[in-house]
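Take a look at the structure below.
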Amino acid sequence: MRTIDWVDDAIEIIDQTALPGRLTVLRLNTVEELVAAIQRLAVRGAPALGVAGALGVALAARDPERAPAAVRLLETARPTAVNLARGARRAAARLPEGPAAVLAEALAVRDEEIAASAAMATLGADLLAELCGARPRLLTHCNTGALAAVVGGTALGAVLELHRRDGLGGVVASETRPLLQGARLTAWELGRAGVPYRVAVDGAGPFLMARGEVDAVVLGADRICANGDVVNKIGSYAHALGARRAGIPFVVVAPESTVDLETPGGAQVEIEDRGADEVLGYRLPAVGADQPPAADGADPAVGAVNPAFDVTPHELVTAIVTERRVIRLDRGERV
Ligand code: MRU
């Protein structure tokens, strides 16, 4: 089953906001429906967003007069993952040739991501085995599996490949506050694949590393800058600091479509802030269902800061694995 695809002249996605409770497929017939789905994270993850951007232009191509405005809407639906604007622009370049050409380009973006996932799984698993030896215990963050791509995935694809080789010693899925992509989505994918895992709160990651319970961190990226800085889900940087302190590898697995040589470093990347509600608007049954969080946002003097991504400086990255190459930043290799 594909996370996102073109089916009978519309886009179909797995609704990731319904997981792990329900596996639901949504049909999206307009760019506006797609943009709303992207913004509420019904479809998410850098490679999947690239495919969404490209397929969205195939929807827009039906109305050539409004297409340029629709493309702009798509490009800017979320700012941080470079794949979204890149996928949309690539398909939009074919607009003068008509809808069939746009769709062909969008399907090529989809097929390239599928092929990239397969290649990254092999290269990533090979590297982790080389760096860590037999049966490494891995920590991963956010969701980088099939749900973040079309099938397969990036970092989680490599983890699953190690499992297929009987070469995995264990997985910690970092829960990924505030929207729990790790606890909801990665755990769901690992469970379906029959891989035993443990979910940990994000703040536990560096401590588990210090205690010797993790052999490597492996995660994905939303944008890889020209200097090797890695922009990824908030919490990644803390895991990188923990990995450096514990002396274990920090490995990034991401397709070439996430490498952005036009952006010099992480300081130049727009980091999406998703607002206060995701941080303050939840209840913890363990402390009483009627117990509000420390601040519920009703007090105008109390706010929240909610960066959805952070920047891991290139000095903390051991290696970046794409479908074409392994870049050993720890050995001075350049993106
Ligand atoms: O906000 P999200 O869920 O779209 O963020 C996704 C991530 O940060 C992933 O780790 C990243 O896109 C890599 S996905 C292969």
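The values are calculated or read from the model by the stated rules, or taken from the named source; none is laboratory data. Quick caveat, the model's predicted, so the values are computed rather than measured. Virtual Cβ from ideal backbone geometry, glycine too; neighbours counted across all protein chains shown. Keep in mind that these areas ignore ligands, DNA and RNA; they rest on the heavy atoms of the full protein, side chains included. Shrake-Rupley method; radii C 1.70, N 1.55, O 1.52, S 1.80 Å.
The conditions of being crowded, with 16+ Cβ neighbours inside 10 Å, over 24 Å from R40 (Cβ atoms) and aromatic (F, W, Y) are met by F250. R177 falls short of the stated requirement of being without any contact (Cβ under 8 Å) to a residue 40 or more places away in the chain, of a type outside the set (F, W, Y), over 21 Å from T258 (Cα atoms) and surrounded by fewer than 22 Cβ atoms within 10 Å (Cβ to Cβ).
Annotation: I224 fulfils all but one of (1) surrounded by fewer than 22 Cβ atoms within 10 Å (Cβ to Cβ); (2) within 16 Å of the ligand (Cβ to nearest atom); the unmet one is (1). Being more than 18 Å from the chain's Cα centre (by Cα) and crowded, with 19+ Cβ neighbours inside 10 Å holds for only one residue in L190, L139, L185, L103, and it is L103. Is at least one residue of region 261-275 touching a residue at least 40 places away in the same chain (Cβ under 8 Å), within 16 Å of the ligand (Cβ to nearest atom) and within 21 Å of A146 (Cα to Cα)? Checked region 261-275: no residue is touching a residue at least 40 places away in the same chain (Cβ under 8 Å), within 16 Å of the ligand (Cβ to nearest atom) and within 21 Å of A146 (Cα to Cα). Residues that are under 23 Å from S257 (Cβ atoms) and hydrophobic (A, V, I, L, M, F, W, C) within region 195-246 comprise V217, V218, L219, A221, I224, C225, A226, V230, V231, I234, A240, listed in sequence order. All conditions but one from (1) in a helix (DSSP H, G or I); (2) surrounded by fewer than 22 Cβ atoms within 10 Å (Cβ to Cβ) apply to G157; the one that does not is (2).
Here is a yes/no grid of residues against (1) of a type in the set (D, E); (2) touching a helix residue (DSSP H, G or I) at 6+ places or on another chain (Cβ under 6 Å); (3) closer than 24 Å to D277 by Cβ; (4) assigned by TED's automatic domain parsing to the domain that holds C132:
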| site | (1), (2), (3), (4) |
| --- | --- |
| Q181 | no, no, yes, yes |
| L190 | no, no, no, yes |
| Y197 | no, yes, no, yes |
| A204 | no, no, no, yes |
| G212 | no, no, no, yes |
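Within region 14-56, the set of residues being within 16 Å of the ligand (Cβ to nearest atom) and among the charged types (D, E, K, R) comprises D15, R40, R44. A residue that is at pLDDT below 90 and either of a type in the set (G, A, S) or buried (at least 18 other Cβ atoms within 10 Å of the Cβ) (or both) cannot be found anywhere in region 254-265. Output the residue which, of all residues in region 270-297 that are out of contact with any Asp or Glu (no Cβ under 8 Å at 6 or more places or on another chain) and modelled with pLDDT of 90 or more, is most open to solvent (accessible area, probe 1.4 Å). Here the answer is E270. A Cβ distance below 7 Å, combined with a sequence gap of six or more or placement on separate chains, defines the contacts here; from region 130-144, residues that are among the basic types (K, R) reach residues that are more than 13 Å from the ligand (Cβ to nearest atom) and open to solvent by less than 10 Å² (accessible area, probe 1.4 Å) in the pairs R137/V214. Considering the conditions (1) more than 22 Å from A129 (Cα to Cα); (2) touching an Asp or Glu at 6+ places or on another chain (Cβ under 8 Å); (3) near the ligand (Cβ under 10 Å from one of its atoms), L185 is excluded by exactly one of them, (2).
Can we say A240 is among the hydrophobic types (A, V, I, L, M, F, W, C), within 16 Å of the ligand (Cβ to nearest atom) and part of a loop (DSSP other than H, G, I, E, B)? For A240, the condition - among the hydrophobic types (A, V, I, L, M, F, W, C), within 16 Å of the ligand (Cβ to nearest atom) and part of a loop (DSSP other than H, G, I, E, B) - is not met.
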